[in-house]
Amino acid sequence: YFILLLIFLKKHTIKLGLALLLGFIIGFVLHKLESKSYVSNMIVETNYGSGIQLYKQVSYLNNLVKKKDSISLSQLLNIDTNEAAQISQILVSPYQPGKNLYKAYDEYLQKTDTIYTKGFVFDDYKKRMADYDLRFHKIEVTSKSKLIFDKLTPSIINLVENDYYKQI
């Protein structure tokens, strides 16, 4: 098979070289024409089961971004409408889900009666947990402007904070 490969390469060297060169040129041009995009991550810690609220709020913000509703987005995030139009995506995901799950499992075992947890293994716990049940989450914002991220942090935190929890 190796000899057949060498024969094929010898016969089609010019065609393969031109295809490689053309692919490089097209990729380079597309990369240069593509607008720059900046990404910022924020790690948040949820308390009192507020993870589901975080996921709902971020999903709502991302839906506004998809609909290009920069007016509503600017009002919610306390930023200028032009800055809101620069945001291309807002996502939330669990932060280090493996480590986060093990830590939550350990805390669960320490708080629960040992008779109940005797036959309870990590895989059972893992099946019961949803992403929003974990304690740490990563909010990722993608924007065409790199100057917007400092303004977003307090607004995003205010959206997911609850006055009831501040008083406790």
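Would you kindly give the portion of the calculated P(r) for the chain that falls above 26 Å, as a percent of all Cα pairs?
Working: 7474 of 14028 pairs.
Tail fraction, whole percent: 53.
Specify the angular offset, from 0 to 90 degrees and rounded to the nearest 10, of the alpha carbon long axis of helix 149-160 from the longest principal axis of the alpha carbons in the chain.
40
Can you tell me the 0 to 90 degree angle between the C-alpha axis of helix 97-111 and the longest principal axis of the chain, rounded to 10?
Orientation of helix 97-111: about 20 degrees from the principal axis.
What's the extension gain from residue 145 to residue 120 if we count 0.36 nm per residue and subtract their Cα-Cα distance? It would help to have the intermediate numbers written out before the result.
Numbers: separation 25, 0.36 × 25 = 9.00 nm, distance 4.85 nm.
Result for the pair: 4.1 nm of gain on full extension.
Just want to confirm a number: the relative contact order over the chain, from Cα pairs under 8 angstrom separated by 6+ residues, in percent. Display every interim value, and only then the final one.
Details: 159 pairs, mean separation 58.9, N = 168.
Reported relative contact order: 35 percent.
Among 73, 90, 105, whose Cα projects farthest towards the positive end of the dipole of segment 1-134, with charges put on the beta-carbon of Lys, Arg (+1) and Asp, Glu (-1)?
Towards the positive end, the residue furthest out is 90.
Give me the angle, in degrees from 0 to 90, between the Cα long axis of helix 2-11 and the longest principal axis of the Cα atoms of the chain, rounded to the nearest 10.
Around 60 degrees separate the two axes.
Can you compute the charge dipole magnitude of segment 61-113 about its Cα centre, using +1 on each Lys and Arg Cβ and -1 on each Asp and Glu Cβ, nothing else charged? Give it in debye, rounded to the nearest 20.
Value, rounded to 20: 180 debye.
On a 28 Å Cα-Cα criterion, which of the cross-link pairs 99/146; 11/32; 68/138; 126/146; 66/127; 68/127 come out too long?
Details: 99/146 31 Å; 11/32 34 Å; 68/138 23 Å; 126/146 37 Å; 66/127 31 Å; 68/127 36 Å.
Distance filter (> 28 Å) returns 99/146; 11/32; 126/146; 66/127; 68/127.
Keeping all protein chains in place and using 1.4 angstrom, which order do 12, 31, 137 fall into by accessible surface area, from largest down? Mind dumping the intermediate values first?
Working: 12 55, 31 120, 137 0 Å².
The ordering from most to least exposed comes out as 31, 12, 137.
Quick one: Cα centre-to-centre distance for segment 92-168 and segment 1-78, in angstrom?
26
Return the single residue from 139, 26, 52 with maximal mean-square fluctuation; model: Gaussian network over the chain, springs between Cα atoms under 10 Å.
26
Chymotrypsin sites (Phe, Trp or Tyr not before Pro) within segment 1-99: which are DSSP loop residues with at most 12 other Cβ atoms inside 10 Å?
On the way: sites: 1, 2, 8, 24, 28, 38, 48, 55, 60, 95; in loops: 1, 48, 95.
Answer in residue order: 1, 48.
As an exercise, identify the trypsin sites (Lys or Arg not before Pro) in segment 34-85 lying in DSSP coil whose Cβ has no more than 12 other Cβ atoms within 10 Å. Kindly include the intermediate steps, with their values, before the conclusion.
On the way: sites: 36, 56, 66, 67, 68; in loops: 36, 67, 68.
Here the trypsin sites (Lys or Arg not before Pro) that fit, given the DSSP loop and packing criteria, are 36, 67, 68.
The values are calculated or read from the model by the stated rules, or taken from the named source; none is laboratory data. If you're wondering where the values come from, they're calculated on a predicted model, not measured in any experiment. Ideal geometry is used to build each Cβ from the backbone, glycine not excepted, and the neighbour counts take in all protein chains shown. Keep in mind that these areas ignore ligands, DNA and RNA; they rest on the heavy atoms of the full protein, side chains included. Shrake-Rupley method; radii C 1.70, N 1.55, O 1.52, S 1.80 Å.
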